[in-house]
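The values are calculated or read from the model by the stated rules, or taken from the named source; none is laboratory data. Since the model is a prediction, treat every value here as computed from it, not as a measurement. Neighbour counts are summed over all protein chains in view; Cβ atoms, including those assigned to glycine, are modelled from backbone coordinates with ideal geometry.
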Amino acid sequence: MDSVENRTGAMRGDGEKVIVSLPVRVRRKPVAGSLRRLLYRAEPARDWEPRLDDLWDRAKAAYPVAVVRDADYALREFAGHPRVRHHRFLVLPRFSARAVAFAVFANDGSDCCWLDLVWDHHHPGALELLAHISGRLAAQWGSGAERLCLAGDDAASALLRHRGYRIQEERSQAVDLRAFSGQRDAEDPIGRAYLTAADIAEIDP
């Protein structure tokens, strides 16, 4: 197990914010995935997506400390952004109406960025499909690479490593503790947390 994938390096900050070292994974060339992604289909997610409530209820056991990623959260964070177009996808088994994964991508002008991810760990093929979609978006946008910040999900980290994503660096980012649910350790309040780019907080001036 790659130790950096389990270490957020949290230290106390001002108020409820802490600074964490968040691994940044980069893929410059897509790697062929397994055929199990063909057992799934993706569709654009709507602004109000109640299927995310059911997905979060099943997925949250994998994230002992995390921001609640339900329909309200997705509406608040990703719908109608004034400057950034969010490309949101739900993944479902081919013969089911139940969502098993959700991801948000954006074009930052140079890279295809994963902004957020939540998935049912019983469905690795769904994550394989999202990695495939990321590669297609990068090609469509002429992006130099695909990039995601991710900590606190060993299963996703391992699968994405097999699909060509490598840790390029660790960036110090602010995270707002007030947004997280779950049992936090008093000595390391964010050490077990699930973190993506969507969890990065603004620093108050």
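Against the condition in contact with a His (Cβ under 9 Å, 6 or more places away or on another chain) and buried (at least 21 other Cβ atoms within 10 Å of the Cβ), how does A99 come out, does it pass? No, not satisfied. Here V65 does not fit the description of being closer than 27 Å to G144 by Cα, surrounded by 15 or more Cβ atoms within 10 Å (Cβ to Cβ) and aliphatic (A, V, I, L, M). Among the residues of the stretch 69-93, the ones that are in contact with a strand residue (DSSP E or B) (Cβ under 8 Å, 6 or more places away or on another chain) and loosely packed, with under 15 Cβ neighbours inside 10 Å come to 2 in all.
For first residues located in the stretch 139-152 and of a type in the set (S, T, Y), partners that are part of a strand (DSSP E or B) and lie 6+ apart or on another chain with Cβ distances below 7 Å form the pairs S143/N107; S143/D111; S143/C112. Considering (1) part of a loop (DSSP other than H, G, I, E, B); (2) aliphatic (A, V, I, L, M); (3) at pLDDT below 95; (4) under 16 Å from the mean Cα position of the chain (by Cα), the lone condition that M1 does not fulfil carries the number (4).
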